[in-house]
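A short worksheet on the structure shown next.
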Amino acid sequence: MSAIQYPATQHRNFSVFPIAAFNDNYIWCIQPSATTLVWVVDPGDAVPVIEMLKQKQLQLAGILITHHHRDHTGGVNQLLHHFGKQTPVYGPDNPAIDGISHPLHEEGQYQLTSDNSELSLQLYQVPGHTLDHLAYVIDDALFCGDTLFCAGCGRLFEGSAAQLYSSLQKIAKLPQDTKIYPAHEYTLSNLKFAALAEPDNQALISFAEQAQQTRQLQLPTLPSTVARELAINPFLHCDDERLVAVLTQHWQTVADSAVTRLKLLRQWKDNC
Ligand SMILES: [Zn+2]
């Protein structure tokens with residue numbers, strides 16, 4: 001069985017392509033220009049990664065993990081077994097994750113190295129979906145796991161709404177042309193909910209048409225961009241008066257802080 005190859009997105013010094021896994025996960029691969037090496041982000045399953053790298057004749061440079069959930073980490077051990085134990089695995093300092101060789105503690109600039117490749121990135125702590133959640137900015141590409149999705153955000157499993165709010169704000173403040181690579185293809189279902197929360201958002205309506213066509217062609221709707229999410233993602237609009245009105249109507253209560261509005265918006269989506 002051969003893995004489906006999706007188009008790559010070009011950045012200045014690397015390209016990015018997804019490997020589909022499970023029902024709706026993307027394992028993003030970062031291939032530095034003029035190399036046959038890839039860094040993979042959140043390999044929940046090793047099998048499609050091994051297949052794709054073989055198919056494209058690429059070698060594994062290293063692994064990045066955003067958070068401890070199994071659908072993001074479950075393939076690490078098998079990849080290490082297959083490609084060699086020296087393969088570096090960067091990720092949260094969380095003993096619940098097998099195979100992390102380089103735990104990352106502090107936000108800031110990092111130079112990741114493996115035997116054959118280097119990757120310079122900015123690390124952000126983005127708790128909310130989980131407490132250990134990290135996001136990686138490499139040049140103008142953001143890998144944010146399950147923190148932000150196109151037109152949505154991750155569920156609050158471990159963190160507070162206040163934590164998620166500040167994590168989403170970190171993403172919103174990145175340069176607008178930053179490309180966003182979340183770990184799931186949730187776009188169409190997120191857009192359905194977003195249209196309930198923001199029925200008058202024209203940018204949302206026109207993007208929803210575009211996303212439907214993209215999915216009909218069985219292509220990823222990702223990457224998104226910071227500019228697009230600022231326009232269409234209700235979870236980034238918790239300071240917007242129009243969203244305040246819709247939430248007040250839905251919950252029959254006035255939420256007077258942006259954090260409370262984020263919490264209520266998330267709960268509404270959870271129950272949809
Ligand atoms: Zn998760």
Could you tell me how many degrees, from 0 to 90 and to the nearest 10, lie between the Cα long axis of helix 202-216 and the main elongation axis, the longest principal axis, of the Cα atoms of the chain? 40
Leaving out same-chain residues fewer than 8 places away, which lysines sit with a Cα under 26 Å from that of Lys56? Lys85, Lys179
Less than 20 Å apart at the alpha-carbon level, and either on another chain or at least 8 residues along: which lysines does that give for Lys269? Lys192
Magnitude of the Cβ-charge dipole (Lys and Arg +1, Asp and Glu -1) of the chain about the Cα centre, nearest 20 debye, reported as 340
Using Cα springs under 10 Å in a Gaussian network model of the chain, which residue among Tyr124, Tyr186, Tyr110 shows the largest mean-square fluctuation? Tyr110
Can you give me the % of accessible surface on the chain that is carbon or sulfur? Probe 1.4 Å, all protein chains present, nothing else counted. 49
Computed, not fitted: 222 nm per-residue ellipticity of the chain from DSSP H runs ≥ 4 (each -39500 (n - 2.57)), nearest 500, equal to -10000 deg cm²/dmol
Can you tell me how much longer the chain between Gln267 and Gln202 gets when fully stretched, taken as 0.36 nm per residue apart minus their C-alpha distance, in nm with one decimal? 21.0 nm
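What's the magnitude of the charge dipole for region 1-144 around its Cα centre, counting Lys and Arg as +1 and Asp and Glu as -1 at the beta-carbon? Answer in Debye, nearest 20.
420
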Semi-axes of region 79-167's equivalent ellipsoid from the Cα gyration tensor, sqrt of 5 times each eigenvalue, largest first, rounded to whole Å? 25, 15, 12
Once both labels are modelled 7 Å past Cα along the beta-carbon direction, what's the Gln216-His250 spacing in nm? 2.8
So, in nm, how far is label Glu106 from label Lys56 when the simple model puts each one 7 Å beyond its Cα toward the Cβ? 3.4
Phi to ³J(HN,Hα) by Karplus 6.51 cos²θ - 1.76 cosθ + 1.60 over region 266-272, Hz, x for Gly, Pro: 5, 5, 4, 5, 4, 9, 6
The extension gain from Ser257 to Gln122, computed as 0.36 nm times the residue separation minus the Cα-Cα distance, is 45.6 nm
If you average the sequence gap of Cα pairs under 8 Å that are 6 or more apart and divide by the length of the chain, what percent do you get for the contact order? 12
Label zone at Gln78 (point 7 Å along Cα-to-Cβ), backbone N below 18 Å, region 8-42: 19-29, 40-42
If I build a Gaussian network model for the chain, linking alpha-carbon pairs within less than 10 angstrom, which residue out of Val49, Val89, Val254 has the largest mean-square fluctuation? Val254
What is the dipole size for region 102-187, taken about its Cα centre, with +1 at each Lys and Arg Cβ and -1 at each Asp and Glu Cβ, in debye to the nearest 20? 340
Mean separation of Cα contacts under 8 Å (at least 6 apart) over the residue count of region 139-232, i.e. the relative contact order in percent, is 38
May I ask you to derive the FRET efficiency for Asp115 and Ala227 from their Cβ-Cβ distance with R0 = 41 Å, giving the value to the nearest 0.05? 0.65
Quick one: grab Rg to one decimal and Dmax as a whole number for the chain, Cα atoms only, in Å. 18.5, 58
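The values are calculated or read from the model by the stated rules, or taken from the named source; none is laboratory data. This one's a predicted model, so the numbers in the text were calculated from it and none came from an experiment. Here the Cβ is made from the backbone with ideal geometry for all residues, glycine too, and neighbour counts use every protein chain on show. These accessible areas exclude ligands, DNA and RNA; they are computed on the full protein's heavy atoms, side chains included. Shrake-Rupley method; radii C 1.70, N 1.55, O 1.52, S 1.80 Å.
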